[in-house]
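The values are calculated or read from the model by the stated rules, or taken from the named source; none is laboratory data. Predicted model, so just to flag it, every value in this text is computed and none were measured. We work out accessible area using only protein heavy atoms, side chains counted, and drop any ligands, DNA or RNA first. Shrake-Rupley method; radii C 1.70, N 1.55, O 1.52, S 1.80 Å.
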Amino acid sequence: MAVTSGPAEDAPEALAPPYTLETPPSPAVEYECGDVTYRSGFRLPAGREDAWLAYDSADFPGRLWLAAENTHGRFYAALASPGITAEIGWPSVDMPGPGLKRYAFRNLTALMYGLKRVYELGVSLPDTPLDQFRKAAKDLPRTTEAERLVVQRVGQDVFREALMAYWSRRCAVTGVEHPRLLRASHIIPWAECGDKERLDVHNGLLLAAHLDAAFEAHLIGFDAEGTIRFSPRLSEPDRTRLGLDSAMRLRRTEAKTAERLARHLQRVLAQSESCEVAAGEFDVIR
């Protein structure tokens, strides 16, 4: 089950009926919808279906529709992407309309936060980063070790940008926002993955630099509920110096992420010398 926080995740509400749509939408509603979609990354108008205005994004597939009661009342969004509707975790409303699910927003401000989250998921869920990587790397040679490192760097850059979007550009634990303090951490290391898993945001966490270092060294991990767990090799004084405590947790977790975190946590809790060696093997590759 997802654990969420922040305005982008909490925007929609389980608003009760009636769901009354302005049909056809007035010029004022069309203007407001066009403005909020443009600012949210859906910059390609795709026509109208009765009360619903359709929009696409140039950055990922998956159509969006908007409708409204009026410019001061409720707004509604319909989504066509199964990946986004499965992950977003919002309460949907039982009303006719296009797409797979429909959502109600109390006002335009709530809609704006909601569409921001929709776009973040659209550009970060697995197929989009993988497609970006394949396009960027398709003509790059991979014969020598130096050439393969260039391809790896391209993949790591794509992965970082995907995690930045997925986690709303904030550390998955602390909420730190400064980009120079954030690191893209693989859960299952790069060297143990194929391209698909390497570019999958469910195989990563966006972490502040000190958490990333501890996570990569298998000194910390996270359980199925997203709560931090410590290796026996990380002393209590060092935890205090790093500002770590047992109440820290991920801002949200998904089932696909939790499965990989369980594998990572096994290494964290191991006390053998071989675990120390394994943790150090991946210092260069995230």
Mind telling me which of P237, P126, P189 comes out most flexible in a GNM of the chain, alpha-carbon contacts under 10 Å? P237
Principal axis box of region 114-214, alpha-carbon based, largest edge first, Å: 41, 32, 21
Compute the angle between helix 27-40 and the longest alpha-carbon principal axis of the chain, please, reported from 0 to 90 degrees and rounded to the nearest 10. 10 degrees
Lysines with Cα under 22 Å of K116, excluding same-chain neighbours fewer than 8 positions away: K101
Taking the chain as a Gaussian network, where each spring joins two C-alpha atoms under 10 Å apart, which residue of E13, E161, E197 fluctuates the most? E13
Taking a probe of 1.4 Å, how large is the accessible area per residue of the chain, in Å²? 48 Å²
For a test of the definition: using alpha carbon positions, the gyration tensor, and the 1.5 limit on a/c, classify region 215-276 as rounded, prolate or oblate. oblate
Per-residue HN-Hα couplings for region 99-115 [Karplus 6.51, -1.76, 1.60; θ = phi - 60°; Hz; x = Gly/Pro]: x, 8, 9, 10, 10, 10, 10, 5, 7, 5, 5, 4, 4, 4, 5, x, 5
Which one, K196, K138, K116, has the greatest fluctuation when you compute a Gaussian network model over the chain with C-alpha springs under 10 angstrom? K138
Taking the chain as the reference, fit the longest principal axis to its C-alpha atoms, fit the long axis of helix 145-166 to the helix C-alpha atoms, and give the angle between the two in degrees, 0 to 90, nearest 10. 50 degrees
What percent do you get for the relative contact order of the chain when only Cα pairs under 8 Å and 6+ apart count? 16 percent
Using a 1.4 Å probe on the protein heavy atoms, what percent of the accessible area of region 156-281 belongs to carbon and sulfur? 50 percent
What translational D, rounded to a whole number of µm²/s, comes out for region 84-137 from Stokes-Einstein when the hydrodynamic radius is the Kirkwood one over Cα pairs, at 25 °C and 0.890 mPa s? 190 µm²/s
Stokes-Einstein D for the chain (25 °C, 0.890 mPa s, Kirkwood Rh from Cα pairs), in µm²/s, comes to 120 µm²/s
